[in-house]
Structures are given as structure tokens and as C-alpha cells.
1. Got a sec? How would I65, I26 order by Cβ neighbour count within 10 Å, fewest to most?
2. Go through region 7-75 and name the GluC sites (Glu not before Pro) that are in a DSSP coil and have 16 or fewer other Cβ atoms within 10 Å of their Cβ.
3. If you take every residue apart from F76 with its C-beta less than 15 Å away from the C-beta of F76, what net charge results, scoring Lys and Arg +1 and Asp and Glu -1?
4. Positive end of the charge dipole of region 1-59 (Lys, Arg +1 and Asp, Glu -1 on Cβ, about the Cα centre): tell me which of M33, V49, G14 has its Cα farthest that way.
Amino acid sequence: MLGANLERLHSLSGVKWTNDPDRDVIPSWVADMDFEVSPAIKDAMQAVVERGDTGYNFHAKQQLIEAWGDWQERHFGWRPPEEESMGAFKDFMGIASSRKYFGELKRPQPPWPRGVRD
């Protein structure tokens with residue numbers, strides 16, 4: 001895996017890295033949580049926790065739109081209109097708020113019984 005520290009991954013408590021006793025097996029469902037968090041994100045999260053600022057921040061959506069626009073401009077040389085970017089954010093918020101009414105959203109489960117292996 002590109003840049004992944006397998007020793008660190010096998011030391012994590014998640015089922016992905018503890019389920020198979022063969023440490024040479026790399027799960028096929030590698031995802032972003034398998035890579036270390038960038039120092040900038042760690043610092044920002046630590047600052048929020050140290051301030052005790054863990055409440056809902058509805059003003060942060062504008063920062064999200066601006067950050068998205070900045071990223072698009074840096075990588076592709078164009079900035080999407082904010083009103084169009086806001087549509088995607090509202091869709092996401094609709095999905096997230098539906099959890100309030102329908103409970104935890106479930107991810108699709110594999111079609112085979114748990115514990116069955118090749």
C-alpha cells in the first residue's frame with residue numbers, strides 16, 4: 001500500500017486489521033482511515049478540543065464552501081460558484097439530518113454470511 005505503515009495498522013483496534021491472524025494479509029477494503037492524519041488536521045482538532053469548542057457550528061458551512069472553492073482553484077484553475085457548491089452541501093446535510101428521524105444509516109452488508117471465507 002502506498003505509504004502505509006503496516007506495523008501501525010496492525011496495532012490498531014479496528015476489526016479490519018485484527019480479524020485475520022495472518023499479518024501478511026492486507027484487507028481489500030483499504031480506506032482513508034488507514035493513513036495517518038495530517039499534522040495540520042491534528043493541530044486544528046487539538047485546538048478545538050483545548051478550547052472546549054465542540055458544539056454545533058452552523059457558520060462553518062461557509063468556510064467549507066470557501067475551502068472547496070480554494071481547492072478547485074488551486075488544482076483545476078477554476079472556482080465553482082458558491083451557490084452551486086452550497087447545493088451539494090445541503091444534500092449532505094439532508095442525509096445527515098435524516099439520521100435524526102430514521103436512526104443510524106446502515107452501510108450495505110456483503111451478500112455472504114459473516115465468518116464465511118474462501
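1. Going from sparsest to densest Cβ surroundings: I26, I65.
2. The qualifying sites are E36.
3. Combined, the nearby Lys, Arg, Asp and Glu give -1.
4. V49
Computed from the coordinates by the stated procedures, all read-outs in this text should not be read as laboratory data. Keep in mind the model is a prediction, meaning the values are calculated, not measured. No Cβ is skipped: glycine too gets one built from the backbone with ideal geometry, and neighbour counts run over all protein chains shown.
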